[in-house]
Amino acid sequence: MTKHDLQAGGPRGDRPKRRHFSAEYKLRMIAEYDAAPAGEKGAVLRREGLYDSSVQLWRKQRDEGALKGVSGEKQVASNEASRQRAKEKAERERLERENIRLKKKLAQTEAALEIVGKWHALLEMMSESADSENS
């Protein structure tokens, strides 16, 4: 498909074009959607020609900080954000491995303490029986 196909006179010129929304618009729509009463949320979406999934995606982007460009804050580059997520994932995996290791060590320590307790009780019984035989 060429640019000519998509132009007004081309065979595919009547196809809808992909819309692009600014971060400011996305934030405004999220706020308006969230402020709308339960029965009127659909009306907001119909009026703007949006889907609920778009609002959910924008809300996720806002929560992750991808829509901060509006407030003048530096927007994190996508590759930098993916590196940060990879670091966080690696740290989470490391902590999970350490947690498993510590749980195993705790189980071993508890088993050792149980054995020592039983050994101590056995020694007390032997000591008491030896004292009673000597009396």
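Bear in mind these aren't lab numbers, they're just calculated from the coordinates by the rules spelled out. This structure is a prediction, so every number in the text was calculated from the model and none was measured.
The table below gives the values:
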| item | result |
| --- | --- |
| Residue pairs, from the table K41/K68; K41/K87; K17/K89; K17/K87; K41/K89, whose Cα atoms sit over 32 Å apart | K41/K87; K17/K89; K17/K87; K41/K89 |
| Projected area averaged over orientations for the range 17-74, convex hull of C-alpha atoms, nm² | 4.3 nm² |
| The range 17-74: relative contact order in percent, alpha carbon pairs under 8 Å with at least 6 residues between | 42 percent |
